[in-house]
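Only one structure is covered here, and it is reproduced in the block below.
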Amino acid sequence: MQQSKRKKLGDLLKEEGLVTEIQIVEALSQKKSNQKLGDALVNQGYITEKQLLEGLEIQLKLESVSLYQYPIDKTLIEIISKDFARSNLVLPIQRENTRLIVAMNDPLDFYAIEDLELSTGYTVQPVIAAKDDLLQTINRLYDSNNLDIEGTEGEDAPAVRIFDQLLETGVAMHASDIHLDQKEKSVTVRYRVDGVLRTDRTLPKGLMNALVARIKIMAGLNITETRLPQDGRISTEVMEKRVNLRVSTLPTVFGEKVVIRILDMSNIFEKIDDIGLQEDTLADYEQLIRQPSGLILLTGPTGSGKSSTLYGSINELNCPESNIVTVEDPVEYQLEGINQVQVNTAIGLTFAAGLRSILRQDPNIIMVGEIRDKETAEISIRSALTGHLVFSTLHTNSAIEAIPRLFDMGIEPYLVVSALSGVMAQRLVKTVCKDCAVKRKASPIEQDIFKRRNQSIEEVTSGTGCDRCRHTGYRGRMAIHELIIVDDQIKALMMNQATMQEIKQHVSSRGIRFLIDDGLEKIRQGKTTLEEVLRVASADN
């Protein structure tokens, strides 16, 4: 197989009309050093992975396969190592006499093909497979093949190997959490992907004690304590990605349940453009966070992406001229150039105590992970009034409800009015899979909901289900927002103890986009569905 006989990937995609020369140059300039052009084009949104694979399929006259449903010959995994399979994104799936059918993400990777032919003695026949499909299948096949209670000590011990496998699978699936649930005679492994828990496998009960001990040692927890919940953290590298892990153990009747939150450092928002705000809301929010002082609150339930938005905001403001200090519980992502304090209630380092100490450190910008009590709220507000820009979060259902929540905590209204600059509510919704997205006529119910919000819609987009989204129709998540800038009229209403309904009517008259409205706009853009938006936002707002 001669490389000279094949066209470059960029030329193939251009001939199919999928990308332009300008887009290829842009993708090449922004791609990581070891990243392939196809991956860069997909990551930067110029094409979908389905378009990439279809383009290769037509031009190279190669078959594309779905490994999710393919009858793979599992004995073939013994002829190449897991490291080779994963680093080159190749997997032997069938053998026909002297021919080896190999699923590849990049069938133009001639070096990988040559290595396979030399090491196996077979003639390689490449077929095309999606990257995530390959990674997840590689992890699943090799992991199940290596699941063995017996083993040697050290790095090859079963607990060490299985924990590594669990993390690799979690990162490959883009999972946010790994759940290890102890049953009477087995252990269930579940992954939370796009907010939904999926059962992946069952482990032998006999492995769990060693596995929990391994996790506790890495997280700095007490391995002899099994009767009380414990929390810890691990920083490690998985599949060449730097990840932080938050570990939580909980004693149950069948043993300790373990939940591991995966915080992928490559997913952190580096600037607020990445947060997904509409253009007008982004302009207002940028203006808000660039004020020299004031209190800015983010609201929403646990798991609504508030922390990511906070990190994106302070990253935007991070520069050598600013002293940025945070007090968090826990510190989720470690940021370069920002001083981060971890809350430790056991030794008296609470949010309030940490915040008092921060004020003696000459800060310009302060981030308080969460306002949980009156003391923390008062210090945050007084910090905002004395020339500091303060970011924090509250658990409320809407942006407006943050105002009475502060009043309910016992904060004097005049302090809230003077300090509060703006409140942004946020929710996460699943995004339509780009690879199987289709347009259809909006149903009468969909049209009616848009009409009730003084909008109209003719077409909506939904996912039909494909291998890349595991036939769910959704792939990934995005945020919908509601931003309220506290202007002089709102301050006057607050001082006069106006009801929340009166404040709501005022902001509505100003054309504020509520959560439901932002969701409907993103439905119009083909990014999500009405079902997802109504799951997190009320149509009656």
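The values are calculated or read from the model by the stated rules, or taken from the named source; none is laboratory data. As the structure is a computational prediction, the values presented were derived from the model and not from experiment. Positions of Cβ are backbone-derived with ideal geometry, glycine not excepted, and every protein chain shown enters the neighbour counts. Side chains are part of the model used for accessible areas, which takes the heavy atoms of the whole protein and leaves out ligands, DNA and RNA. Shrake-Rupley method; radii C 1.70, N 1.55, O 1.52, S 1.80 Å.
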For the range 456-465, does any single residue satisfy the condition of being at positive phi and touching a Gly at 6+ places or on another chain (Cβ under 9 Å)? yes
Search the range 470-490 for residues being charged (D, E, K, R) and closer than 19 Å to G511 by Cβ, and hand back the single one that is least open to solvent (accessible area, probe 1.4 Å). E482
Residues to consider are T98, T137, T75, T120; find the one that is open to solvent by less than 50 Å² (accessible area, probe 1.4 Å) and farther than 20 Å from A172 by Cβ. T120
Could you list, in sequence order, the residues of the range 170-191 that are in contact with a Gly (Cβ under 9 Å, 6 or more places away or on another chain) and either acidic (D, E) or within 13 Å of I262 (Cα to Cα) (or both)? H174, S176, D177, I178, Y191
Which numbered condition D329 misses (of (1) over 23 Å from K430 (Cα atoms); (2) of a type in the set (D, E); (3) touching a strand residue (DSSP E or B) at 6+ places or on another chain (Cβ under 6 Å)): (3)
Condition met for D200 (open to solvent by less than 30 Å² (accessible area, probe 1.4 Å), touching a strand residue (DSSP E or B) at 6+ places or on another chain (Cβ under 8 Å) and charged (D, E, K, R)): no
In a strand (DSSP E or B) and not aliphatic (A, V, I, L, M): does that describe N244? yes
Test S64 against the criterion of being hydroxyl-bearing (S, T, Y) and touching a residue at least 60 places away in the same chain (Cβ under 8 Å), and give yes or no. yes
Among residues of the range 163-194 being surrounded by 15 or more Cβ atoms within 10 Å (Cβ to Cβ) and in a loop (DSSP other than H, G, I, E, B), the residue farthest from the chain's Cα centre (by Cα) is M173
Take the residues of the range 394-418 that are outside any helix (DSSP H, G or I) and of a type in the set (S, T, N, Q): which is surrounded by the fewest Cβ atoms within 10 Å (Cβ to Cβ)? N397
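Let's see how each residue does on (1) of a type in the set (K, R); (2) touching a residue at least 24 places away in the same chain (Cβ under 8 Å); (3) more than 16 Å from D518 (Cα to Cα):
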position	(1), (2), (3)
I272	no, yes, yes
I275	no, yes, no
Q278	no, yes, no
L282	no, no, no
P292	no, yes, yes
L295	no, yes, yes
K306	yes, yes, yes
I314	no, yes, yes
C319	no, no, yes
Single residue of the range 51-76 satisfying the filter (under 24 Å from the mean Cα position of the chain (by Cα) and at pLDDT 80 or above) that is nearest to G121 (Cα to Cα): L52
What number of residues in the range 421-446 are small (G, A, S) and under 16 Å from T529 (Cβ atoms)? 3
Please go through the range 203-234 and give me each residue that is open to solvent by 60 Å² or more (accessible area, probe 1.4 Å), under 14 Å from V247 (Cβ atoms) and either in contact with a strand residue (DSSP E or B) (Cβ under 6 Å, 6 or more places away or on another chain) or assigned to a strand (DSSP E or B) (or both), ordered by number. M218, G220, P229, D231, R233
Helices (runs of 4 or more DSSP H) wholly in the range 438-541 with at least 1 residues that are closer than 26 Å to Q287 by Cβ - which ones? 488-495, 500-509, 515-524
Can you tell me which residues in the range 431-461 are within 23 Å of the chain's Cα centre (by Cα) and open to solvent by less than 30 Å² (accessible area, probe 1.4 Å)? T431, V432, C433, D435, C436, T461
Please work out if N105 is over 25 Å from G55 (Cα atoms) and either touching a residue at least 60 places away in the same chain (Cβ under 8 Å) or surrounded by 22 or more Cβ atoms within 10 Å (Cβ to Cβ) (or both). no
Given (1) open to solvent by less than 50 Å² (accessible area, probe 1.4 Å); (2) in contact with a helix residue (DSSP H, G or I) (Cβ under 8 Å, 6 or more places away or on another chain); (3) assigned to a loop (DSSP other than H, G, I, E, B); (4) within 23 Å of K434 (Cβ to Cβ), number of the condition Q69 does not satisfy: (1)
Residue set G55, G45; condition open to solvent by less than 60 Å² (accessible area, probe 1.4 Å), under 27 Å from K8 (Cβ atoms) and without any contact (Cβ under 8 Å) to a residue 12 or more places away in the chain; output residue G45
Quick check on my filter: what residues within the range 250-274 are out of contact with any Asp or Glu (no Cβ under 7 Å at 6 or more places or on another chain), at pLDDT 85 or above and surrounded by fewer than 18 Cβ atoms within 10 Å (Cβ to Cβ)? P251, T252, V253
Against the condition assigned to a helix (DSSP H, G or I), out of contact with any Gly (no Cβ under 6 Å at 6 or more places or on another chain), of a type in the set (D, E) and within 21 Å of Q136 (Cβ to Cβ), how does E54 come out, does it pass? yes
